[in-house]
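Data first, discussion second: the structure below is written as structure tokens.
None of the figures in this text is laboratory data; all of them are computed from the coordinates on show. None of the values given here were measured: they were computed from a predicted structure. Cβ sites come from the backbone with ideal geometry, for glycine too, and all protein chains shown count toward neighbours.
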Amino acid sequence: MTRPWTSVDSVETAEGTLELRQRGAHEFLITLAGRVLMNSAASRSEEALGHVACAEIATKSLPRVLVGGLGMGFTLRATLGGLPRGAHVRVSELNESVLHWCRGPLAELNDHAVEDPRVTVELEDVADAIETAARSGAARFDAILLDLYEGPHPASRSAAPHREHPHYGATALAHSRAALDAGGVLAIWSEDPDPAFERALERAGFAVRVERPGRGGRRHAVYLARAGASR
């Protein structure tokens, strides 16, 4: 008999109820307005985001990395595994409850990633962190990783035609490029490939490739966009 999911904690957000659910000792879900955002049993693409981004900056001795979206901490854990001791990782997370979950019931799953001395967690919109770095011209990043809800997709653009998307619109991509050091990489997780978004990255001055982690089943997409390079 399948065991039921139980609610560990929940918090109200502008998009609906954000909830952490658990089944057994090690199975977790994060849901938003009843829709599953993350499943602890299906984390390969989130981990791939961290792995492939760090492989792009492997020659850096003291890399600076920005991670947008903490989730269950899988992307952060994978990122830390690919970085040297002198790296600095800033995590931008909007919801304080998610940070508490990663320090509490999810800590064993992510190997206590948020407690790593290389990590600083800021309760902020990652778009603000990127814009600040872009406008200041100082303290740029070697890599920016975005793991935010569904990622870029056509519906998110058509849902608000009167304004640019705050993370994937033309202005946001220009800010990301300006916030990266020469040769830096912007890595973005998405539920599904979106050729129009790939073209938007190219228009923003990135050289782009798309990874589809895993084999079989639902395969999400990881965009790897390198600044200051030609296709």
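Just to confirm the filter: which chymotrypsin sites (Phe, Trp or Tyr not before Pro) across region 72-169 are DSSP coil and have at most 13 other Cβ within 10 angstrom of their Cβ?
none
Going by how many other Cβ atoms sit within 10 Å of their own, how do F197, F28 line up, fewest first?
Fewest-to-most Cβ neighbours within 10 Å comes out as F28, F197.
Sum -39500 (n - 2.57) across every DSSP H segment of at least 4 residues in the chain, then divide by the residue count to get the 222 nm mean residue ellipticity, nearest 500. Walk me through the intermediate numbers first.
Numbers: 7 runs with 64 residues, N = 231.
My calculation for the chain gives -8000 deg cm²/dmol from helical runs alone.
Using a/c under 1.5 as the rounded threshold, could you call region 43-227 rounded, prolate or oblate? The axes a ≥ b ≥ c are square roots of the C-alpha gyration tensor eigenvalues, and prolate needs a/b larger than b/c, oblate otherwise.
Numbers: a/c = 1.37, a/b = 1.20, b/c = 1.14.
Verdict is rounded for region 43-227.
Under 5 Å between amide hydrogens, which residues at least 5 positions from R219 or on another chain qualify, with H placed 1.01 Å from N in the peptide plane?
When sequence neighbours closer than 5 places are left aside, there are no close amide H contacts.
Going by Cα centres, region 177-207 and region 1-42 are how many Å apart?
30 Å
Do any GluC sites (Glu not before Pro) in region 41-130 lie in a DSSP loop with no more than 11 other beta carbon atoms within 10 Å, and if so, which?
E108
Determine, at each q value in 0.12, 0.21, 0.24 (inverse angstroms), the log₁₀ of I(q)/I(0) that the Debye formula gives when each Cα of region 84-181 is one equal point scatterer.
-0.48, -1.16, -1.28
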